[in-house]
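Nothing in this text is a laboratory measurement; each read-out follows from the coordinates by a stated rule. The model shown is predicted, which means the values in this text are computed figures rather than measured ones. Cβ: placed from backbone, ideal geometry, glycine included. Neighbour counts: every protein chain shown.
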Ligand code: CMX
């Protein structure tokens, strides 16, 4: 360690201890308008954002414009009664707060098809990255690069009235969403299939086209992609990907900058990368305890405890807001029960569903011991042959764009202000504890 690093570590260690003790011993004390604990543990529960598109109840889970996932599976347009809802429909609902008709979703499919051509320079930028790059690096870079085409920034520089901001934000957003399946599948084929690209099929909807361009053409996987894109789309405004997108856009950075930043947030292991981590961890467990022992609860329990004692989290479990099993997990479980009930990894996921919560509960600190959306998604993808789990977060990102970008259009229509919360020094916190 060089001397500066050493000096930093010596200074950081006691301060980190002090902050931990502040939360533990004085967490409930007031500090300004909030409590010490609220401020120092990620502002959980502090109302500070206006989000119109969805609301997350800690017990009931997500509602998109008032509709639960089971209600949406029933009410959003589908291609056949046995199918999953179309992603175009969830975007329409999030944006307009009304249920679309089949004509409305067909309009969006066609509109996104018209806007879907990705400029060659974006492919060139993706191709410049080394082949061992993490897929989210490519995804975020590709989105950022398209700021070159931003209609918002062009009009802003030419002199735009603030009442018009929503208009070019809408245009950029529609262009962006339309291009994402092509970009995601291009990254997938570059990294894992020798850059052998597959052209879009103009007859397919937005989600199915993504599966098709990745190289997966089967009615069931189309259905899975439709479901996947709906359930991952929005989770109100405070999660890292939505909040980052909103925060960056609050400086009037255009939607490309904003979504690219949001995707960098999604790439973190405590957020969207958890879907890759789940699969990696399950496969590690299978390797370590043996395939035949993965239904043996004691063996599985030991592996879970070992992960915790290594100072690692159990991926796919816990949530910052939810206090119950995630309904997005349940929707994917329902799909698995219908289409892949005998899948080996699905059986492991079911065992984990029984084994992990009591262990996390026993730690006494995990506020939600139940599985979240990421605990299930990889099982479904792997079943249909998508084994490249580092890519899974890109699929989450394509879906999440529907929610965070519909939020952005509203942000600009409402003229929401630049975001600028107040921070305080450590002395201020010490003083609050003394005074209160
Ligand atoms: N495994 C082990 N420990 C966990 C845990 C888990 N799954 N979930 C929470 N904890 C720990 C926290 O690390 C924290 O420990 P310290 O006090 O030692 O730092 C303690 O329990 C309290 O945490 P919490 O208040 O219950 O949870 P947070 O709001 O801080 O964090 C989350 C929420 C999701 C980051 C956390 O539950 C986690 O790390 N889960 C695993 C990763 C994961 O699945 N993330 C995906 C979430 C969904 C998504 O955004 O995609």
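Below, the figures for the structure above:
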{"read-out": "Members of the range 277-315 that are farther than 14 Å from residue 355 by Cα and within 13 Å of the ligand (Cβ to nearest atom)", "value": "277, 278, 279, 280, 281, 309, 310, 311, 312, 313"}
{"read-out": "Pick from the range 31-53, criterion more than 22 Å from residue 431 (Cβ to Cβ) and away from the ligand (no atom under 14 Å from the Cβ), ranking: surrounded by the fewest Cβ atoms within 10 Å (Cβ to Cβ)", "value": "47"}
{"read-out": "Scan of the range 297-329 for residues that are surrounded by 19 or more Cβ atoms within 10 Å (Cβ to Cβ) and part of a loop (DSSP other than H, G, I, E, B), ordered by number", "value": "314, 315, 316, 318, 319, 320, 322, 325, 326"}
{"read-out": "Residue check, residue 215 in contact (Cβ under 8 Å) with a residue 12 or more places away in the chain and either in contact with a strand residue (DSSP E or B) (Cβ under 9 Å, 6 or more places away or on another chain) or within 14 Å of the ligand (Cβ to nearest atom) (or both)", "value": "no"}
{"read-out": "Helices (runs of 4 or more DSSP H) within the range 330-436 that include 2 or more residues farther than 18 Å from residue 241 by Cβ, within 13 Å of the ligand (Cβ to nearest atom) and free of Cβ contacts under 8 Å to residues at least 60 places away in the same chain", "value": "344-362"}
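Condition check ((1) more than 27 Å from residue 292 (Cα to Cα); (2) more than 22 Å from the chain's Cα centre (by Cα)) across all residues:
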{"site": "378", "(1), (2)": "no, no"}
{"site": "386", "(1), (2)": "no, no"}
{"site": "394", "(1), (2)": "yes, no"}
{"site": "398", "(1), (2)": "yes, no"}
{"site": "416", "(1), (2)": "yes, yes"}
{"site": "421", "(1), (2)": "yes, yes"}
